[in-house]
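Peer 1: Structure below; questions to follow.
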Amino acid sequence: MRKKPDKQFFKQCEKPIAFVLGIYPTSDLGAVRNLGRCNVPTMVLDCKKNQAAFFSKYTHGLVCPHPKHNEKNYIDFLKQIGEQLPMKGVLIPTGDTETLAILKHQKSLEKYYHFISAEYPIVNSLINKQQFYQLLETNNIPHAKTFFPTDQKDAITASKKLTYPCIVKPVYPTYFRLDFHTKLFIASSPDELLSYYGKAQEKNHEMMLQEVIPGAANTQCGYNAYYDRTGKPHGIFMYQRIREWPLGFGNGCYIQQVQEPIVEQITTPLMKKIGYYGIVDAEFKRDTRDGIIKFIELNPRVWMQNSFPSRYGCNLPYIAYLDAIGKPFDTQIPCMPHKKINWIYFLQDIQSARAAIQTGTLSMRTWLRTYHLRNDYAVFAWDDPLPFFILGSQSISTFFLHLLRGSKE
């Protein structure tokens with residue numbers, strides 16, 4: 001990785017460079033592999049010098065300022081790179097922080113870069129959980145019972161209307177995660193809810209209080225697509241969670257392709273109504289109380305499992321790249337439901353499986369049978385193996401610490 005741009009690399013590129021912006025290795029690796037396999041030159045920008053995606057053969061790594069803690073320096077850094085480019089690049093954010101930062105400064109950056117999504121007000125209405133749930137409410141889209149307290153008094157009132165356990169969740173999850181190293185709190189009582197709410201207020205986080213929709217990991221499903229400027233979706237893909245980590249409120253670490261047309265039927269009218277274009281990762285959960293599929297959240301950017309749809313012919317980062325630079329893309333992407341490929345993030349799945357085996361909800365034999373060569377792995381790739389070994393070496397000590405702590409409980 002480098003701390004200064006590689007001018008020689010810039011000169012050699014005959015296509016616009018895709019700049020992948022983010023801190024999550026699975027998101028970044030998926031994006032650079034999706035693009036690199038289509039011969040798109042890429043560069044990953046991250047504030048951490050040990051980013052696993054830096055070691056992919058499909059990209060160049062560049063250490064940059066932090067987009068939240070040093071937003072001005074981050075934007076200035078992008079401008080400095082832009083000044084050296086032989087042609088406009090394409091910005092492809094994989095996190096909310098990066099997405100909001102570049103869109104807030106779009107006018108000053110668009111001299112140097114193409115953007116792959118709608119402008120700040122529209123995108124922020126999807127990332128900001130309060131605005132997003134207001135959209136769901138206005139459009140009569142089923143969702144969890146949610147309250148947005150403005151002070152401790154509101155929180156006390158809401159605490160009396162919720163069942164427990166319930167969720168204490170930030171309006172901006174990425175910023176919250178930087179402070180608390182988790183994406184939400186689980187409150188088991190009104191007193192615990194108010195305690196968590198107070199801690200978040202001390203850090204100036206806007207919070208939401210939400211009921212827990214009952215159901216195991218496999219009651220959650222997702223919808224991916226790229227929406228063009230007319231509001232038409234392309235590369236439609238749907239998936240179902242099988243396992244997740246952390247349990248209950250984590251990320252899908254073992255998912256499979258499914259057909260669930262209702263999630264597209266819910267998402268597309270909403271995207272058209274607000275005028276959104278760009279990549280979508282929408283998450284839903286079927287409420288076991290009434291059987292209704294309810295909207296959980298929507299990520300208007302490249303997401304954690306973005307490599308998975310590509311195995312079924314839906315390369316969404318590449319579609320977004322082509323549309324951004326004004327090149328045609330295949331609008332007749334074939335559906336391949338006969339494929340039996342699953343997506344697995346091994347470093348999280350091994351922890352999820354261990355917990356399930358301990359509770360008797362999963363056998364060791366069943367878990368081992370989920371692993372085979374045809375799967376899509378979040379980090380490992382036969383044509384690009386080095387990031388797997390880099391991330392593995394970084395994670396192994398942390399992993400064994402978790403195992404030791406778990407064995408003592």
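Peer 1: Considering only the range 356-409, state which residues are exposed (fewer than 15 other Cβ atoms within 10 Å of the Cβ), at pLDDT 90 or above and aliphatic (A, V, I, L, M).
Peer 2: Answer for the range 356-409, where residues must be exposed (fewer than 15 other Cβ atoms within 10 Å of the Cβ), at pLDDT 90 or above and aliphatic (A, V, I, L, M): Ile357, Met364, Leu368, Leu373, Leu386.
Peer 1: Of the residues that sit in the range 50-78 and are closer than 14 Å to Lys104 by Cα and of a type in the set (Lys, Arg), which one is nearest to the chain's Cα centre (by Cα)?
Peer 2: Lys68
Peer 1: On to the next question. Going through the range 307-327 one residue at a time, which ones are at pLDDT below 95 and either more than 21 Å from the chain's Cα centre (by Cα) or exposed (fewer than 12 other Cβ atoms within 10 Å of the Cβ) (or both)?
Peer 2: Residues satisfying the conditions do not exist here.
Peer 1: Still on this structure, I have one more. Working carefully through the options Gln84, Gln51, Gln80, find the one that is within 25 Å of Asn315 (Cα to Cα) and not aliphatic (A, V, I, L, M).
Peer 2: Gln51
Yes or no, residue by residue, for (1) under 29 Å from Tyr321 (Cβ atoms); (2) polar (S, T, N, Q):
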{"site": "Ser195", "(1), (2)": "no, yes"}
{"site": "Val212", "(1), (2)": "no, no"}
{"site": "Pro233", "(1), (2)": "yes, no"}
{"site": "Gln240", "(1), (2)": "yes, yes"}
{"site": "Gly248", "(1), (2)": "no, no"}
{"site": "Ile255", "(1), (2)": "yes, no"}
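Peer 1: In the range 165-200, what residues are at pLDDT below 95, assigned to a helix (DSSP H, G or I) and not charged (D, E, K, R)?
Peer 2: Those that are at pLDDT below 95, assigned to a helix (DSSP H, G or I) and not charged (D, E, K, R): Pro173, Thr174, Tyr175, Phe176, Leu178, Phe180.
Peer 1: Now a separate question. Hey, among Arg311, Arg354, which residue is assigned to a helix (DSSP H, G or I), more than 22 Å from Tyr120 (Cβ to Cβ) and without any contact (Cβ under 8 Å) to a residue 60 or more places away in the chain?
Peer 2: Arg354
Peer 1: While we're looking at this one, here's another question. Is it true that some residue in the range 2-24 is at pLDDT 95 or above and among the polar types (S, T, N, Q)?
Peer 2: no
Peer 1: Quick one: is Gly61 of a type outside the set (Phe, Trp, Tyr), outside any helix (DSSP H, G or I) and touching a residue at least 12 places away in the same chain (Cβ under 8 Å)?
Peer 2: The answer is yes for Gly61.
Peer 1: Also, quick follow-up: So which residues in the range 107-157 are open to solvent by 10 Å² or more (accessible area, probe 1.4 Å), more than 26 Å from Ile292 (Cα to Cα), part of a helix (DSSP H, G or I) and among the β-branched types (Val, Ile, Thr)?
Peer 2: Selection gives Ile122, Ile156, Thr157.
Peer 1: Hey, does the range 264-278 have a residue that's at pLDDT 95 or above, within 15 Å of the chain's Cα centre (by Cα) and either part of a helix (DSSP H, G or I) or within 28 Å of Lys339 (Cβ to Cβ) (or both)?
Peer 2: yes
Peer 1: Tally the residues that are open to solvent by less than 60 Å² (accessible area, probe 1.4 Å) and of a type in the set (Asp, Glu), restricting the search to the range 185-202.
Peer 2: Number satisfying all stated conditions: 1.
Peer 1: Looking for whichever is touching a helix residue (DSSP H, G or I) at 6+ places or on another chain (Cβ under 9 Å) and closer than 29 Å to Glu119 by Cα here; the options are Gly252, Gly313. Which one fits?
Peer 2: Gly252
Peer 1: Still on this structure: Give me the pairs, please: first residue somewhere in the range 83-95 and under 13 Å from Tyr321 (Cβ atoms), second residue anywhere and modelled with pLDDT of 95 or more and of a type in the set (Asp, Glu), beta-carbon distance under 9 Å, and either six or more positions apart or on two chains.
Peer 2: As it stands, the answer is Lys88/Glu110; Leu91/Glu98, since those pairs meet every condition given.
The values are calculated or read from the model by the stated rules, or taken from the named source; none is laboratory data. All of these numbers come straight from a predicted model, not from anything done at the bench. Methodologically, a virtual Cβ is constructed for each residue, glycine included, from the backbone with ideal geometry; neighbour enumeration extends over all protein chains shown. All accessible areas refer to the heavy atoms of the entire protein, side chains included, with ligands and DNA or RNA removed. Shrake-Rupley method; radii C 1.70, N 1.55, O 1.52, S 1.80 Å.
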